[in-house]
1. Going by the structure shown, is A:Q61 surrounded by 15 or more Cβ atoms within 10 Å (Cβ to Cβ) and under 13 Å from A:T26 (Cα atoms)?
2. When A:A69 is evaluated against the numbered criteria (1) touching a helix residue (DSSP H, G or I) at 6+ places or on another chain (Cβ under 8 Å); (2) assigned to a helix (DSSP H, G or I); (3) within 8 Å of chain B (Cβ to nearest Cβ), which criterion, by number, is the only one it fails?
3. Which condition from (1) surrounded by 15 or more Cβ atoms within 10 Å (Cβ to Cβ); (2) more than 7 Å from chain A (Cβ to nearest Cβ) is the one that B:L98 breaks?
4. When segment B:34-61 is examined, which residues are found to be within 13 Å of DNA strand D (Cβ to nearest atom), touching a strand residue (DSSP E or B) at 6+ places or on another chain (Cβ under 8 Å) and either over 21 Å from B:V16 (Cα atoms) or not hydrophobic (A, V, I, L, M, F, W, C) (or both)?
5. Out of all the residues in segment B:77-91, is one or more touching a helix residue (DSSP H, G or I) at 6+ places or on another chain (Cβ under 8 Å), within 16 Å of DNA strand D (Cβ to nearest atom) and under 13 Å from B:T25 (Cα atoms)?
6. Any chance you could count how many residues in segment A:35-57 are under 26 Å from B:T25 (Cβ atoms), more than 8 Å from every other protein chain (Cβ to nearest Cβ) and not polar (S, T, N, Q)?
7. Would you point out the residue of segment B:11-66, among those that are aromatic (F, W, Y) and under 17 Å from B:E81 (Cα atoms), that is nearest to DNA strand C (Cβ to nearest atom)?
2 protein chains.
Amino acid sequence: MEQTADPQTACPVTPVVDMVFSRWTTPILWSLHHHGRQRFVELERRLTSITPKVLTQRLRQLERDGLVARTYHAEVPPRVEYEITALGAGLGPLFAQLATWADANLPEVERARESYDARPAPARQASTDTGRAR
Amino acid sequence: MEQTADPQTACPVTPVVDMVFSRWTTPILWSLHHHGRQRFVELERRLTSITPKVLTQRLRQLERDGLVARTYHAEVPPRVEYEITALGAGLGPLFAQLATWADANLPEVERARESYDARPAPARQASTDTGRAR
DNA sequence: CTGCATCCCTTATGATACTG
DNA sequence: CAGTATCATAAGGGATGCAG
């Protein structure tokens with residue numbers, strides 16, 4: 001949530017991006033997708049460094065969006081389990097493609113960064129169109 | 001950018017997500033992808049509501065990551081053009097799949113939200129596993 | 001036109017401590 | 001165990017104004 005106005009108008013995929021790729025949501029979905037139904041603590045441990053507060057927030061959001069299902073067991077020590085819904089599982093192929101792209105192209109991204117950082121910054125000006133890309 | 005520590009460890013796609021799906025980057029890439037090479041002002045106009053400062057920041061980041069190429073023409077009124085690189089263009093299929101998912105599932109997400117918001121919130125507890133999803 | 005420098009403020013996020 | 005409440009902090013983003 002939280003788009004001031006309309007990055008959306010220029011780009012039809014913004015709503016999905018905001019929902020699926022906001023901070024922590026990807027690791028959470030990934031974890032639930034690959035390790036199946038898990039309790040709160042399990043998630044907390046797997047996503048080392050997340051605080052319970054934030055984890056709760058994100059899980060609530062995902063539950064509201066229908067990507068994650070929450071099951072509350074009113075036992076002595078309370079037990080709550082989270083799992084991916086069918087809707088959420090439909091994102092699987094997308095994640096897979098994302099991973100594929102990463103494997104194939106992250107190295108080049110890394111090189112681009114080094115190359116960029118190497119330039120003193122003044123050199124970045126005045127690049128007469130040397131016809132690159134496309 | 002900016003992951004304090006390691007949402008990454010739990011999820012291999014986090015680096016890509018941070019790079020491609022941080023705020024405004026999706027609309028920018030989308031615009032460059034669909035309308036081709038554009039000048040700074042054109043982008044600014046298309047992404048109504050973005051400020052030049054932020055647009056510059058994002059473009060720099062994308063340039064550094066090698067997804068966007070910048071061409072500076074040292075003319076009387078300066079002219080700068082941005083375009084997608086081959087690397088950036090490789091994200092096309094991914095965006096397409098994202099759009100497809102959106103078309104197919106956003107309505108259901110919307111329904112999930114309404115349904116969730118309808119519940120008084122106390123009712124959200126004690127849901128004996130009514131075997132949902134998966 | 002392009003875009004950097006400043007200042008300011010909202011918001012998100014993290015650390016900590018405490019209940020059912 | 002599974003959260004919630006409170007507080008503190010920092011980052012992101014917007015609004016100028018000015019320079020190449």
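Where a number appears in this text, it was derived from the coordinates with a stated rule and is not lab data. Source: prediction; values computed, not measured. As a convention, Cβ positions derive from the backbone with ideal geometry for all residues, glycine included, and neighbour counts pool all protein chains shown.
1. It is true that A:Q61 is surrounded by 15 or more Cβ atoms within 10 Å (Cβ to Cβ) and under 13 Å from A:T26 (Cα atoms).
2. Exception for A:A69: condition (2).
3. (2)
4. Of everything in segment B:34-61, those that are within 13 Å of DNA strand D (Cβ to nearest atom), touching a strand residue (DSSP E or B) at 6+ places or on another chain (Cβ under 8 Å) and either over 21 Å from B:V16 (Cα atoms) or not hydrophobic (A, V, I, L, M, F, W, C) (or both) turn out to be B:R39, B:F40.
5. No, segment B:77-91 contains no residue that is touching a helix residue (DSSP H, G or I) at 6+ places or on another chain (Cβ under 8 Å), within 16 Å of DNA strand D (Cβ to nearest atom) and under 13 Å from B:T25 (Cα atoms).
6. Selection size over segment A:35-57: 2.
7. B:F40
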